[in-house]
Amino acid sequence: MSELIERTRLQRATFLVLFALAVYAFWRTIEPIWVPVFLGLVIAIAVYPIHERLLRKLGGKHPGLPAALLTATVMLLALATLTFLVFVVGHRVVQLVQGFAARYDKEGAAGLLGSELNALLSRLGLQSDDVNQRIVETARDFAAFLGKGATSLVAGLFSAMFIFIFTAITSYYLLREGKEGAWWLVEMVPLPNGQVAEIVRDVRDVTRAMLFSTGVMSLYQAITAGIGYWLFGVDSPLVWASLTGIASILPAVGTALVWVPVGIVVIALGHPAQGIGILLWSGVVVVFVADYILRPKLVGTRIRMSDLLVFMAIFGGIEAFGILGVILGPIAAAVLLSLLRIYQRDYRPEGPVLAPDPTSTDSSQPVEVQTH
């Protein structure tokens with residue numbers, strides 16, 4: 001009997017060691033491509049309800065067809081966005097640089113900021129010639145930086161193509177095998193099926209909520225930024241508004257990559273009032289209202305998460321994971337909350353009960369502990 005027990009222990013230890021080694025080897029294998037895998041997973045989760053409707057219309061046959069159509073649609077939209085950034089916005093930026101160069105050739109460094117702004121700088125005790133010259137030097141340094149960066153353009157293009165193709169492949173296979181993959185996960189995790197299914201639902205809900213809120217916020221910020229650009233006389237307001245909406249994928253600081261340079265350029269072109277107006281309008285209406293009022297409300301109500309926790313999850317996720325942290329941060333918070341709810345409901349020794357309010361000085365006042 002003791003030999004049987006020892007053999008069983010040895011078998012379990014051997015299995016755990018082999019399992020740990022396999023997980024580590026698999027992680028090292030997938031680590032270089034985790035970004036396109038994650039992007040493909042996000043796309044699959046987002047469009048899966050549409051995939052199910054299309055599959056029902058086909059009578060459950062040919063599951064690869066709707067998966068291929070939806071993946072192709074999403075990837076074409078992404079490609080169209082990249083094309084817009086490269087050609088339309090790039091062309092507009094080149095025009096601005098050429099305009100500065102022409103003004104510099106015609107009027108010299110002193111003519112860059114215009115007479116009104118030069119006079120304002122003089123009243124503030126600043127040497128306008130020094131400021132203009134610094135602008136010229138900064139522009140030259142920026143041009144040199146772009147020239148050096150052009151040498152790595154080919155490598156960056158191949159990297160982008162790899163991410164694009166692998167994201168599409170991942171999305172396609174996840175859509176085609178969605179239910180089977182979800183049930184496989186439920187079976188593999190050593191928890192009751194209902195608990196694993198609850199965690200999967202929470203991850204699904206938070207992913208869709210973040211994608212929905214990102215889309216709504218991008219539309220809101222593009223419209224409000226466009227109104228601001230139009231009110232304060234910016235050329236091609238639709239182009240800059242579209243770019244602002246795209247940049248809003250990164251909360252708070254993303255849109256500032258557009259409206260701050262636009263405001264500074266307008267000021268530099270001799271229109272300080274309009275430039276300051278753009279900066280104030282964008283800082284308050286475009287950024288503050290969207291990221292600190294609307295976004296937490298929009299996300300929190302859909303995923304049972306407080307405004308503070310949504311705020312912390314989004315910006316903490318960005319700090320930890322970069323731009324993908326917009327989704328990864330809330331997913332991590334949602335998984336933790338799901339596990340806490342499961343613990344409170346199924347594992348807490350006394351279960352969810354009426355307990356005294358921990359914030360009250362009167363311990364006799366009970367409050368109901370929420371389990372859902």
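Counting protein heavy atoms only, the range 251-349 has 76 percent of its accessible area on carbon and sulfur, 1.4 angstrom probe. Peptide packing for 340-346, 261-267 was compared via the average number of neighbouring C-beta atoms within 10 Å per residue; ordered from the highest value, the list is 261-267, 340-346.
So if we plug the beta-carbon distance of Trp184 and Ile249 into 1/(1 + (r/R0)^6) with R0 = 30 Å, what FRET efficiency do we get, rounded to 0.05?
0.45
With the simple model of a label 7 Å out from the Cα in the direction of the Cβ, Ile323 to Asp346 spans 3.8 nm.
Would you please give the FRET efficiency between Leu21 and Arg204, computed as 1/(1 + (r/R0)^6) with r the Cβ-Cβ distance and R0 = 35 Å, to the nearest 0.05? The calculated FRET efficiency here is 0.70. Can you compute the FRET efficiency between Leu82 and Arg9 using 1/(1 + (r/R0)^6), with r the Cβ-Cβ distance and R0 = 41 Å? Round to the nearest 0.05. Given R0 = 41 Å and the Cβ-Cβ separation, E is 0.15.
The values are calculated or read from the model by the stated rules, or taken from the named source; none is laboratory data. Just so we're clear, the structure is a prediction, and the values are computed from it rather than from any experiment. Positions of Cβ are backbone-derived with ideal geometry, glycine not excepted, and every protein chain shown enters the neighbour counts. Each accessible area value is taken on the protein alone, full model and side chains, heavy atoms only, with ligands, DNA and RNA left out. Shrake-Rupley method; radii C 1.70, N 1.55, O 1.52, S 1.80 Å.
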